[in-house]
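Structure record follows, encoded as structure tokens.
The values are calculated or read from the model by the stated rules, or taken from the named source; none is laboratory data. In this text the structure is predicted, and so the values were computed from the model without any measurement. Positions of Cβ are backbone-derived with ideal geometry, glycine not excepted, and every protein chain shown enters the neighbour counts. Just the protein is used for accessible areas: all its heavy atoms, side chains included, with ligands, DNA and RNA removed. Shrake-Rupley method; radii C 1.70, N 1.55, O 1.52, S 1.80 Å.
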Amino acid sequence: MFGFNMFPDIPRPFNTQYKCYSVSMFPGNERHDVERGGKIIMPPSALDQLTRLNIVYPMLFKLTNKRTNRITHCGVLEFVADEGKVYLPYWMMHNLLLEEGDFLQIESVSLPVATFSRFQPQSIDFLDITNPKAVLENGLRSFACLTTGDVIAIKYNQRIYELCVLETKPGSAVSIIECDMNVEFAPPVGYKEPERIKKSDEEMVVDPAELMPEPTGFVAFRGEGNRLDGKKKKDISTSSKTAVKVAYQRGVPDYNYRIGTLRFIRNSRPPSKENKEPVEEFKAFAGEGFSLRQTKSKK
């Protein structure tokens with residue numbers, strides 16, 4: 001009667017059961033792009049049914065293995081599978097505990113946009129990656145959503161690294177399409193922090209006098225004595241002689257030091273021969289004497 005729709009169409013959920021197979025069973029060429037991501041291949045009839053149900057985009061699905069009650073979420077890559085079949089990445093089938101040809105329940109869902117996620121590498125080899133966040137960001141481009149508890153697989157430098165999704169916010173399942181998500185990493189499985197060897201206080205205490213160089217030149221009371229009666233003195237072993245330690249003197253820092261400069265400080269220069277003054281030789285008892293008595297003046 002009226003030319004407009006007073007009651008807009010309410011999106012109805014898509015809920016269908018399919019037989020699932022791994023991507024390696026897909027006919028034709030190998031599909032490495034499916035194996036590296038988090039999207040599945042569905043039959044063309046699923047696309048016709050989804051368009052009639054007015055599904056909200058992007059298309060996200062909840063996968064349920066009713067036999068084990070395992071749940072995960074994914075996106076769709078193509079609608080080219082055989083009727084009644086869907087093809088999943090191997091890591092997704094491993095998380096759902098599925099075998100080839102098992103039945104899988106697929107339901108359309110709407111997930112919140114991710115704001116935070118936390119991953120735990122399943123191998124210590126992940127620490128060898130120089131920039132793990134950049135590698136993870138590049139690998140997640142082929143994913144549509146994340147589910148807490150899943151173990152995803154990312155390929156980098158001809159190696160496959162597995163990461164467990166420990167936490168996602170704002171929900172246990174989130175969409176990562178066109179989002180700004182903060183990422184954190186937990187210590188890898190089997191990682192042990194290196195033990196720090198604590199040295200005892202006695203080993204760390206060093207007497208500063210032991211760091212001083214040995215004294216050179218004159219040292220008091222270090223000579224050898226002689227007996228007045230002419231007899232030979234007793235031999236004293238060198239080991240019994242106590243070493244004379246030099247008193248520790250703290251150095252004065254150079255406050256004018258500039259970073260990147262080297263200064264070579266040398267001792268005083270030897271006096272030049274031209275300006276050398278004659279030195280008088282020492283003669284014993286050659287000094288002048290003085291009398292303590294005052295001389296009386298003659299009248």
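Would you rank Glu137, Glu195, Glu78 by solvent-accessible area, highest first, keeping every protein chain in place and using a 1.4 Å probe?
Listed by decreasing accessible area, they come as Glu195, Glu137, Glu78.
Counting only residues 5 or more places away or on other chains, whose amide H sits under 5 Å from the amide H of Tyr156 once H atoms are built in the peptide plane?
For Tyr156, the qualifying residues are Tyr161.
Roughly what would the spin-label model give for Glu137 and Cys179, points 7 Å off Cα along C-beta, in nm?
My value for the distance between the label points is 1.6 nm.
Net charge near Pro43, counting Lys/Arg +1 and Asp/Glu -1 over other residues with Cβ under 13 Å of its Cβ?
-2
Around Asn65, under 12 Å between beta carbons, what's the net of Lys plus Arg minus Asp minus Glu among the other residues?
Net charge in that neighbourhood comes out at +2.
Could you run the Karplus curve 6.51 cos²θ - 1.76 cosθ + 1.60 with θ = phi - 60° over segment 52-61 and give me ³J(HN,Hα) per residue in whole Hz, x for Gly and Pro?
6, 8, 6, 6, 6, 8, x, 6, 10, 10
Based on the Cβ-Cβ distance from Glu195 to Phe79, what FRET efficiency comes out when R0 is 35 Å, to the nearest 0.05?
Calculated transfer efficiency: 0.05.
If I model a spin label as a point 7 Å beyond the Cα along the Cα-Cβ vector, how far apart are those points for Thr130 and Gln294 in nm?
Simple spin-label model gives 9.8 nm for this pair.
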